[in-house]
Every structure is written in C-alpha cells, then in structure tokens.
Amino acid sequence: MAATYLPTLKQLQYLVALKDHGHFGRAAEACFVTQSTLSAGLRELETLIGVVLVERTRRVVRFTPLGDGIADKARRVLREAEELGDMARAAGRPLSGDMRMSVIPTIAPFMLPRILPRLRKDYPDLKLFLREEPSGPACEGLHNGRTDCVLLALPYACGEVTSETLFEDRLFVAYPSGEEPTALPAIPASAIDETRLLLLEDGHCLKDHALGACNRPELRAEATMLGTSLHTIVQMVDNGLGITMLPEMALKAGILDNTNITARPLDEKNAVRRIALVWRRASPREKDFRLMAKALADVQ
C-alpha cells in the first residue's frame, strides 16, 4: 500500500523539465503534454509530499531550496529508471532501439555524413537521435541523463566517464592566398602571427586544443575569438581577414573547397586531438557503446 503514495515517474519528469526550461509552457512542450496537464501534475506532487517545490508568479518560476534538491534527486531517479530499459535492450540484439548521442560542432558536420549511412545499413534496428552542442553542455547532458553518449574531442574534462578513442585528428594552420610561409611544409607555433589568428570562442574545445598545442600564452591573449562556426571562419580567412586552425577531418570533408586557402600541418608535438566516444561509467549498455565506437572508427 505504501507504494500508492510514492511520486510517479511522470511527475518527476514534469519537475525536471520545469527545472531545465524555467517556463511552464516550454516544459510542457518538452514533455509533449499541455501546460495545464504539467501544472496539475506538479501540484499533485506537491500535495503528495506536503511541501511547496515551485513558487509561481506571473513573470518567473522560482524553485524553493527544497525544490532544487528534489529536482536534482528526481533527475537521478529518472536516469536510473531509464537504465532499466537499457539493461533489457542490452540483453537483446546489439545496437538496437533508441540511442541519444550528442556530437560537438567541430565534429558533427564532418563525420556524420559519412557514418550515418553505414550505421543505417549495418544496424537497421538502431534509432540514433543526434544533438549538436558544445562539449560542456554535452557532458552535462550525459550526466543528467539527457543523452546516452557523446562524440567529442579529447583531452576534455567530461567527469566520471568511460571513453573509447576512435582516431587522432591532426591540426592544420590555414592561410589566405599569398599569406602562407613559402618555405615551410609544416608550421611551427613560433611562426603564427597572434594578431591574425581567428578561433572559435570559449566553449569550443577545438580552441583549447589548438592553443594548448602551440603553448604560446600570447596567442590566447591576442587571438580573436568568434562565436561562430568553422565554416564561417573559413570564409573570413578566404577574404583575407586572418588565419585559423582547422582539424584534418574538416579538410578531408572539403571545408576548403572553392576557396583560395592553403592549409599546412601544425608542427608541434601535441598538434592532434583524440576523437572519442564517451559514456557514463558502469552503464548497462557498455557493450553497445563499444560496438558503436568500433563502427565509428571503421568508417575512417
């Protein structure tokens, strides 16, 4: 009989969605219910446990301190509940059912067009739901259960995860026409003009990998950080506005097609990033993730 008075998973889902979105309407959309249904479910939850979790005003949604704590606990409960389904899927056919994968923006447009057709062919029962986002939000989503695995570039502090390295991705320096050093087949970090360097803004790990490989503090201080994409930066370089650093996978995918840009390898010891698949430690789907990692690596 005691179980009758326990919160339902649906009520916990509503609470977590409201915490994530901070708005009843958007939370309801994320849960595929009406706003009135979500609001009623949360009121039932508050009545059940006898405390106010959310202060409601016309303009803002404010969680009480206890509401914050219960929402965090609810997130963990939902993740554990999802893993019950993961255990059942892991006992069935490999790489079948739903899988949610986050992919960082400096990988997604260059790898996904090659790997998705192969995955559809080899694993027709796999439903792969993709989300493109920077490394920080991707790792956060992994740990709170929003995604199952992340395709990213290491080194990156993603928390308590298991990883499988797929391959190394070399870094190149890209110059506009006529600006590249003529006598250098590869570019040492000392030859990079920090006042001309264009890089992605904070939040994109490619910037940190490039700067870390160069080991020149003045590059971090002088480089121009842009909140844009590699494709847009390439257009800026092609128009003579500066130089940049690009991963080899982007070059192989044709990012410099129809430009006058020249790219040469960065001649430094650590001028690579490791492309890896990561997932939560002790996940019941570890065999699936290792199989996925092998499938991704085989496409290279």
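The values are calculated or read from the model by the stated rules, or taken from the named source; none is laboratory data. Note that the structure is predicted; figures quoted are calculated from it, not measured. Cβ sites come from the backbone with ideal geometry, for glycine too, and all protein chains shown count toward neighbours. For the accessible areas, the whole protein counts, side chains as well, though only heavy atoms, and no ligand, DNA or RNA atoms are used. Shrake-Rupley method; radii C 1.70, N 1.55, O 1.52, S 1.80 Å.
The residues of the stretch 31-59 that are in a loop (DSSP other than H, G, I, E, B) and touching a residue at least 24 places away in the same chain (Cβ under 8 Å) amount to a single one, Leu53.
Just give me the residues in the stretch 123-153 being open to solvent by 20 Å² or more (accessible area, probe 1.4 Å) and either basic (Lys, Arg) or not in a loop (DSSP other than H, G, I, E, B) (or both), in sequence order.
Step one: of the stretch 123-153, the residues open to solvent by 20 Å² or more (accessible area, probe 1.4 Å) are 123-132, 134, 136-137, 140, 143-144, 146.
Hits for the stretch 123-153 are Leu126, Lys127, Leu128, Phe129, Leu130, Arg131, Glu132, Gly136, Pro137, Glu140, His143, Arg146.
Does the stretch 223-236 contain at least one residue that is within 19 Å of the chain's Cα centre (by Cα), crowded, with 19+ Cβ neighbours inside 10 Å and modelled with pLDDT under 95? Yes, that holds for at least one residue.
Would you check which residues across the stretch 182-198 are open to solvent by 40 Å² or more (accessible area, probe 1.4 Å), touching a residue at least 40 places away in the same chain (Cβ under 8 Å) and part of a loop (DSSP other than H, G, I, E, B) and list them? Full working, then the answer.
Taking the stretch 182-198 and keeping what is open to solvent by 40 Å² or more (accessible area, probe 1.4 Å), we get 182-185, 190-191, 193-196.
Within this subset, residues satisfying the condition of being touching a residue at least 40 places away in the same chain (Cβ under 8 Å) are 184-185, 193, 196.
The answer is Leu184, Pro185, Asp193.
Test Ala157 against the criterion of being surrounded by fewer than 14 Cβ atoms within 10 Å (Cβ to Cβ), farther than 27 Å from Ala71 by Cα and not aromatic (Phe, Trp, Tyr), and give yes or no. Against the criterion (surrounded by fewer than 14 Cβ atoms within 10 Å (Cβ to Cβ), farther than 27 Å from Ala71 by Cα and not aromatic (Phe, Trp, Tyr)), Ala157 does not qualify.
Can you find a residue in the stretch 280-290 that is more than 24 Å from Ala138 (Cα to Cα) and open to solvent by less than 30 Å² (accessible area, probe 1.4 Å)? Before the answer, list the steps.
Of all residues in the stretch 280-290, those more than 24 Å from Ala138 (Cα to Cα) come to none.
The answer is no; no qualifying residue exists.
Residues that are at pLDDT 90 or above and open to solvent by 80 Å² or more (accessible area, probe 1.4 Å) are absent from the stretch 91-109. Just one of the listed residues (Leu15, Leu53, Leu42) is open to solvent by less than 30 Å² (accessible area, probe 1.4 Å) and within 26 Å of the chain's Cα centre (by Cα), and it is Leu15. Sub-9 Å Cβ pairs linking a first residue in the stretch 263-284 that is over 22 Å from Glu180 (Cβ atoms) to a second residue that is among the basic types (Lys, Arg) and at pLDDT below 95, at least 6 apart or interchain, are Leu277/Arg290; Trp279/Arg285; Arg280/Arg79; Pro284/Arg89, ordered by first then second residue. Considering (1) hydrophobic (A, V, I, L, M, F, W, C); (2) open to solvent by 70 Å² or more (accessible area, probe 1.4 Å); (3) at pLDDT below 85; (4) under 32 Å from the mean Cα position of the chain (by Cα), the lone condition that Phe32 does not fulfil carries the number (3).
With respect to the conditions (1) under 27 Å from the mean Cα position of the chain (by Cα); (2) open to solvent by 10 Å² or more (accessible area, probe 1.4 Å), Pro247 falls short on a single one, namely (2).
Residue check: Asp125 meets all listed conditions (1) out of contact with any Phe, Trp or Tyr (no Cβ under 7 Å at 6 or more places or on another chain); (2) acidic (Asp, Glu); (3) under 20 Å from Asp288 (Cβ atoms); (4) modelled with pLDDT of 90 or more but one, namely (4).
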